[in-house]
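Participant: Below is the structure I would like to discuss, written out as structure tokens.
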Amino acid sequence: MQKLNMRQIRAFQTNILDYYHKNKRDFPWRTAITPYKIVVSEIMLQQTQAPRAVEKFKSFIKQFPNFSALHHAEFKDVLIAWQGLGYNRRAKYLKQIAQMVTTQYKGRLPQNPEVLKTLPGIGSHTAGSICAFAFNLPIPFIETNIRSVFIHEFFKDKNDIHDKDIWPLVEHTLYIKNPREWYNALMDYGAMLKEKSKNPSRKSVHYIKQSAFKGSDRELRGRILKVLTTDDLKLGELISKLEEDERRVEKNVDDLMFEKMIKKIDGTVSIY
């Protein structure tokens, strides 16, 4: 494990923050911050690049401005608002989070990362991220852009880097005075590295190349959900409309039913 002295820590922080102050990206979740907006942005950004999420974030917040509004919304409407972002399970997670915050926490998002991890779709990294961005708390966490920064700066000549080797550096270099600004700076610096050079995260043991979307079951499940946001259909009608292999559609319908994204009553398939 690398050990940094105070001079090295300050030099690293200065480099990252100087870059950020000159090149900071403008995102709607970075202004007029509320815990709800941060939760929505963090769930969106789990599988979607930040620039692509901007317009969806704006329209989603306009339609569902707070936890209570999202909790009381029809799931079908949430799915329609989510269309285009993919990984539709995340829309269900958000709806479930809104329900739990509204009913169990009286509309106030918990600030404890251990409690946040009990909410659907929130793991340790997302919990830390929410604490930092929503509440400006100095909670260490690692995500892909942060991982890229630390690999680029401290593991230039190494491969197969594990997060357990990066973690102490994340802890020791955390800018306690303003964690929110620090993590925004790391995110922007990491995004720049990915654009200007080979993605440093490829050297991580945690790097997984995303599988092809076209023709995948993931694409088919998205198509099934999109069709059902318009009409409730008999299974045969759904298969005919999709023009896909019957057994493949049935398998993915079963998967979506298991995930409680859709339901089938008296042979009619509809959004859950």
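Participant: If Arg108 satisfies all but one of (1) assigned to a loop (DSSP other than H, G, I, E, B); (2) under 16 Å from the mean Cα position of the chain (by Cα); (3) not aliphatic (A, V, I, L, M), what's the number of the condition it fails?
Facilitator: Just one mismatch for Arg108, condition (2).
Participant: Okay, next question. Based on what the data block shows, is Ile130 in a helix (DSSP H, G or I), touching a residue at least 40 places away in the same chain (Cβ under 8 Å) and surrounded by 15 or more Cβ atoms within 10 Å (Cβ to Cβ)?
Facilitator: Against the criterion (in a helix (DSSP H, G or I), touching a residue at least 40 places away in the same chain (Cβ under 8 Å) and surrounded by 15 or more Cβ atoms within 10 Å (Cβ to Cβ)), Ile130 qualifies.
Participant: Out of all the residues in the range 106-116, is one or more under 15 Å from Ile43 (Cβ atoms), out of contact with any strand residue (DSSP E or B) (no Cβ under 7 Å at 6 or more places or on another chain) and either modelled with pLDDT of 95 or more or not assigned by TED's automatic domain parsing to the domain that holds Asn15 (or both)?
Facilitator: For the range 106-116, residues under 15 Å from Ile43 (Cβ atoms), out of contact with any strand residue (DSSP E or B) (no Cβ under 7 Å at 6 or more places or on another chain) and either modelled with pLDDT of 95 or more or not assigned by TED's automatic domain parsing to the domain that holds Asn15 (or both): present.
Participant: Can Leu85 be described as in a loop (DSSP other than H, G, I, E, B), among the aliphatic types (A, V, I, L, M) and either surrounded by 16 or more Cβ atoms within 10 Å (Cβ to Cβ) or within 13 Å of the chain's Cα centre (by Cα) (or both)?
Facilitator: So Leu85 passes the test.
Participant: Given (1) of a type in the set (Phe, Trp, Tyr); (2) touching a helix residue (DSSP H, G or I) at 6+ places or on another chain (Cβ under 8 Å); (3) surrounded by fewer than 18 Cβ atoms within 10 Å (Cβ to Cβ); (4) on the phi < 0 side of the Ramachandran plot, where does Tyr105 come up short, assuming only one miss?
Facilitator: (2)
Participant: Which is more than 20 Å from Trp82 (Cα to Cα) and either touching a residue at least 24 places away in the same chain (Cβ under 8 Å) or not charged (D, E, K, R) (or both), of Ile239, Ile271?
Facilitator: None of the other options fit; the residue is Ile239.
Participant: May I pose another question? So how many residues does the range 137-162 have that are under 23 Å from the mean Cα position of the chain (by Cα) and loosely packed, with under 15 Cβ neighbours inside 10 Å?
Facilitator: Residues in the range 137-162 being under 23 Å from the mean Cα position of the chain (by Cα) and loosely packed, with under 15 Cβ neighbours inside 10 Å: 1 in total.
Participant: From the list Ile166, Ile161, Ile146, Ile139, exactly one residue is in contact with a Ser or Thr (Cβ under 6 Å, 6 or more places away or on another chain), under 23 Å from Lys3 (Cβ atoms) and of a type outside the set (Phe, Trp, Tyr). Which is it?
Facilitator: Only one candidate qualifies: Ile161.
Participant: Further question on the same structure: If I filter the range 227-250 down to residues being in contact with a Ser or Thr (Cβ under 7 Å, 6 or more places away or on another chain) and among the charged types (D, E, K, R), which single residue comes out as surrounded by the fewest Cβ atoms within 10 Å (Cβ to Cβ)?
Facilitator: Lys234
Participant: Output the number of the condition that Thr14 fails; it satisfies all remaining conditions of (1) exposed (fewer than 13 other Cβ atoms within 10 Å of the Cβ); (2) hydroxyl-bearing (Ser, Thr, Tyr); (3) within 24 Å of the chain's Cα centre (by Cα).
Facilitator: Of (1) exposed (fewer than 13 other Cβ atoms within 10 Å of the Cβ); (2) hydroxyl-bearing (Ser, Thr, Tyr); (3) within 24 Å of the chain's Cα centre (by Cα), only one is false for Thr14: (3).
Participant: Do we find that Leu94 is in a loop (DSSP other than H, G, I, E, B), buried (at least 20 other Cβ atoms within 10 Å of the Cβ), at negative phi and not aromatic (Phe, Trp, Tyr) in this structure?
Facilitator: Criteria not met by Leu94.
The values are calculated or read from the model by the stated rules, or taken from the named source; none is laboratory data. The model shown is predicted, which means the values in this text are computed figures rather than measured ones. When we count neighbours, we look across all protein chains shown, and the Cβ atoms used for this are built from the backbone with ideal geometry, even at glycine.
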